[in-house]
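Report on one structure; see the data block that follows.
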Amino acid sequence: MGSRGIKDQVAIVGMGCTQFGERFDRSLDDMIIEAAHAAYDSAGISQDDVDAFWFGTLGSGTSGLTISKPLKIDYKPVTRVENMCASGSEAFRNAAYAVASGAFDVVMAIGAEKLKDNGMSGLVGAQVPDDGTKTQITAPASFSLLAPAYGEKYGVEPDTMKAVMARIAWKNHYNGARNPRAQFQKEVSIETICNAPLVAGQLGIFDCSGVSDGSAAAILCRAEDAYKYCDNPLFVKALAFTSGPGAGPLDPDYDYTTFDEVTRCAIDAYEQAGVTDPRTEIAMAEVHDCFTPTELVLMEDLQFSKRGEGWEDVMAGTFDLDGELPVNPDGGLKSFGHPIGASGLRMLFECWLQLRKEAPEDRQILSVDKGKTLGLTHNLGGRPGECVSFAAIVGSELG
Amino acid sequence: MTRGILGYGVHVPYYRLQRSAIGATLGAGGGKGTRAVASYDEDATSMSVEAARAALGSFAAPTPAAVYFCSVTPPYLDKTNANAIHAALNYPSEVFAGDMVGSARSTTAALTAALNDRRPVLITSADVRTGRPGSGDEAALGDAAAAVMIGSDGDAPVIAEWIGTSSITHEFLDRWREPGWNYSRVWEERFGESVYNKLVAEAATVAFKDTELSAADIDRVVISGLHARAVRSAAAAAGVSAVPSAQDLTAAIGNTGSAHGLVALAQALDTAEPDETLMLINLADGCDVSIFRTTDAIVDYTPARPVAQQVQQGNDSLEYAKFLTWRGYLDREPPRRPDPESPAGPPSERNTGWKFALIGSRDRGTGNVYLPPQRVALEGGAVDDYELVPMADIEATVATFTIDHLAFSPSPPTLAVVVDFDGGGRFMTELTDADADEVHIGLRVRMTFRKVLTANGVHNYFWKAIPVR
């Protein structure tokens, strides 16, 4: 028994990603076609070369038909997966396993979401008929629970918490301003962030990720075949996923300053990849910054910061574009936008650009030049205390 | 066999509307003092549960044979409202539950049935009193609930013995409401007063004759009725103007309609000594007189939530616009969010104990408490090795919280709190009867039965937290 991982068995040889944002001019089908064909072109293949497909979406369509109809897929296996906000990552994970198993030579993982056609504020989830006893709060409210709990535990005053959160939003807007695919390509001052209308708890509108439309895709093959398609592929080093008992809302020992699922998931991922000191070994991380306190807590759960010190690292600029460990150099969910099913693949797309030095010059991270070859992507779905967590590590070198 | 009152309790909602706020907005109407206002998440059923809990927390209450719900403003027609109360109090299915609703005399109907029964009977009575903006009713009336358990000495000590009752019935047009209206109409008040005066005199005469008592034997009179002018002259009409009256609560909370007689009685009993004779006079489409005499047992009766304390603890900062919104007179723009869903029938029925009575589970192996009940233990994974544990009466502490400005709520923002119960158990719930700036980690709360929302005509009853005050 054990989580053995598939280190260096599978490679990414092509990727595509649409512009994210309020794509009132594009249908779900349009975005799927755009991302898929960008990925085919990137790998130098045609759709006929792809043997099987994995499609991640939260709610923009059911079954493989959602992509096989617009793409006119020629009677191939299409698996539609859903794991809340980690749906895109989940499509990638399962596609990678299919390649590693030897069942298929070339596969595509694609994620897409159309959120802006419903006319609602924020994210709207499907409701299963129930007994009406669940406290119905929104996603920002759920994640805002982290802030007072973190402040209380580590003695960080509310004003300082607000500044830390604003620093994270400021950084992700700074990075997004250098990303032509991002939903929000604009720097925002700390002052504007702090004075924005409140959405939930201490969270203002700039503490929330963008509700967005978009699609992203990756082409995978066995590592030994990678150079047939690509001179500089990325290799899958680790794929970890955790879904737990959802103990937080039940267990008074849970203190809303961590995600147990993420902590466990990170340990598994680092073991698979052989990473022992993430902060110094990893070149960059794309993390699930659905709301600014989430990113703060993730810095600790992913072992980038010691417990209770993440906020100081944030304020010190450790995770800035030119910092020791750039986090969300593409702007993250905050600025790039969060079309649920596409987000996990969008994170990999940034690793694809950065680790291969293809990012725009004004946001190309420097750590790659220092010989760092690993990128981490992290996705979570759910809410503090009851979530699913995904972590991948990819690298530009074998071994 | 001595029969009478075994226990009682009252629920006065937390919010008060200053009557002057009405005039300040409308340019007329209002007056002095305050009226009690059921919060947006309260109705006659939820307030009845709270009054019943106040009663049942005051003495060693027997399981009643029947629960009667009385109201002019029943949340449901066709469906029995008393069933939700029955469920919230976790009574066994053998206990009967029935409604006596529609008229302000319903409470007397239930009282009469209970006193003439041989078994313990729980009565709840509650109104959410509405009136059109600027009307006399809007300002003068108020919202509250009362509960009383009637029984005999074998059930629990009788604290006020039933001495006698008289009822006079007469058809005349004083106050009426067509089903579906959210306000009442009244005839010109002097006519009603003249009729009531005669009815009160007649009822008092019959009561004194039947009980072989006279006005001199009465220590306190408790007069209730929606016709304020007739209530004021009723003591004289009954020939008891020399007898001290129960404290008039209408200035502070308003005239609470169906519940008012029992609320006023409760207020009197809170401070009563043994061997006091109380005369209840209720004016509602006739006149009903009941006479009770307190016993030695009242000395040991400890009201869980005394009326005076609830009256005093009201929050009179409620804005008139919010009051109008809560009562449906002001149709406000909702957030750009999906309409809320109603609870579904089958899961609500499967989870009746949890949903209505806040029954959690306690693992036998670890002693850990879970809300809602968990079939599989969080530690060790034992399956179905638990016992059910009622959580509604256990206080808790806020572990963390948020203020949700985006969520749909009949009265945004939504205050959500994660609470840890004394002795174990955690739950995320809404905090109600509280302002956003009152919430903090460590806040002590207790649970209260509320109507979370209404969708598709279904009232979603469940529990929320309120600050311990």
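The values are calculated or read from the model by the stated rules, or taken from the named source; none is laboratory data. Bear in mind that the values here come from a model prediction, so they are computed numbers and not experimental data. Cβ: placed from backbone, ideal geometry, glycine included. Neighbour counts: every protein chain shown.
The one condition from (1) within 12 Å of another protein chain (Cβ to nearest Cβ); (2) over 26 Å from the mean Cα position of the chain (by Cα); (3) closer than 30 Å to A:Gly122 by Cβ that B:Val376 does not meet is (3). Residues in region B:442-463 include none that are surrounded by 22 or more Cβ atoms within 10 Å (Cβ to Cβ), more than 23 Å from the chain's Cα centre (by Cα), under 20 Å from A:Pro384 (Cβ atoms) and at the interface with chain A (Cβ under 10 Å from one of its Cβ atoms).
Do we have any residue at all in region B:186-194 that's assigned to a loop (DSSP other than H, G, I, E, B) and either within 28 Å of B:Pro74 (Cβ to Cβ) or in the same structural domain as B:Ala140 (by TED's automatic domain parsing) (or both)? Scanning region B:186-194, I find at least one residue that is assigned to a loop (DSSP other than H, G, I, E, B) and either within 28 Å of B:Pro74 (Cβ to Cβ) or in the same structural domain as B:Ala140 (by TED's automatic domain parsing) (or both), so the answer is yes. Of the candidates B:Ser46, B:Ser58, the single residue that is surrounded by fewer than 24 Cβ atoms within 10 Å (Cβ to Cβ), hydroxyl-bearing (Ser, Thr, Tyr) and either at pLDDT 95 or above or closer than 21 Å to B:Leu453 by Cα (or both) is B:Ser58. Restricting attention to region A:193-206 and to residues that are under 21 Å from A:Ala149 (Cα atoms) and over 23 Å from the mean Cα position of the chain (by Cα), the residue that is farthest from the other protein chains (Cβ to nearest Cβ) turns out to be A:Cys194.
The residues listed here are B:Leu318, B:Leu278; of these, the one that is in contact with a Phe, Trp or Tyr (Cβ under 8 Å, 6 or more places away or on another chain) and either of a type in the set (S, T, N, Q) or in a loop (DSSP other than H, G, I, E, B) (or both) is B:Leu318.
When B:Ala382 is tested against (1) surrounded by fewer than 20 Cβ atoms within 10 Å (Cβ to Cβ); (2) away from chain A (no Cβ under 11 Å); (3) at pLDDT 95 or above, exactly one condition is not met: (3).
Any residue at all in region A:351-358 that is part of a loop (DSSP other than H, G, I, E, B), within 24 Å of A:Val13 (Cα to Cα) and polar (S, T, N, Q)? No, region A:351-358 has no match at all. Please count how many residues of region B:321-357 are assigned to a helix (DSSP H, G or I) and either of a type outside the set (Ser, Thr, Tyr) or at pLDDT below 95 (or both). The qualifying residues number 15. Being aromatic (Phe, Trp, Tyr), touching a residue at least 60 places away in the same chain (Cβ under 8 Å) and surrounded by fewer than 21 Cβ atoms within 10 Å (Cβ to Cβ) is a property that does not hold for B:Tyr15. Answer yes or no: is there a residue in region A:159-167 that is within 26 Å of B:Val439 (Cα to Cα), out of contact with any strand residue (DSSP E or B) (no Cβ under 8 Å at 6 or more places or on another chain) and of a type in the set (Asp, Glu). Checking region A:159-167: at least one residue is within 26 Å of B:Val439 (Cα to Cα), out of contact with any strand residue (DSSP E or B) (no Cβ under 8 Å at 6 or more places or on another chain) and of a type in the set (Asp, Glu). The set of residues in region A:33-57 that are surrounded by 24 or more Cβ atoms within 10 Å (Cβ to Cβ) and either touching a helix residue (DSSP H, G or I) at 6+ places or on another chain (Cβ under 6 Å) or more than 20 Å from A:Glu82 (Cα to Cα) (or both) comprises A:Ala36, A:Ala39, A:Ala43, A:Val50, A:Trp54, A:Phe55, A:Gly56, A:Thr57. If you go through region B:339-359 and keep only what is within 10 Å of chain A (Cβ to nearest Cβ) and touching a residue at least 12 places away in the same chain (Cβ under 8 Å), you end up with B:Pro340, B:Glu341, B:Ser342, B:Pro343, B:Asn351, B:Thr352, B:Trp354, B:Lys355, B:Phe356, B:Leu358. The residues of region B:428-441 that are surrounded by fewer than 20 Cβ atoms within 10 Å (Cβ to Cβ), more than 9 Å from chain A (Cβ to nearest Cβ) and either of a type in the set (Ser, Thr, Tyr) or farther than 22 Å from B:His11 by Cβ (or both), listed by number, are B:Ala436, B:Asp437.
A quick yes/no check of all residues on (1) at the interface with chain A (Cβ under 10 Å from one of its Cβ atoms); (2) hydrophobic (A, V, I, L, M, F, W, C); (3) within 29 Å of the chain's Cα centre (by Cα):
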site	(1), (2), (3)
B:Phe323	no, yes, yes
B:Gly365	no, no, no
B:Val369	yes, yes, no
B:Val389	no, yes, yes
B:Asp393	no, no, yes
B:Leu406	yes, yes, no
B:Pro410	no, no, yes
B:Phe421	yes, yes, yes
B:Arg426	yes, no, yes
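Filtered by the rule that a residue be surrounded by fewer than 24 Cβ atoms within 10 Å (Cβ to Cβ) and assigned to a strand (DSSP E or B), region A:212-250 gives A:Arg222, A:Phe235, A:Phe241, A:Thr242, A:Ser243. Every residue in region B:221-262 that is in a strand (DSSP E or B) and surrounded by fewer than 21 Cβ atoms within 10 Å (Cβ to Cβ), please. Answer for region B:221-262, where residues must be in a strand (DSSP E or B) and surrounded by fewer than 21 Cβ atoms within 10 Å (Cβ to Cβ): just B:Ser245.
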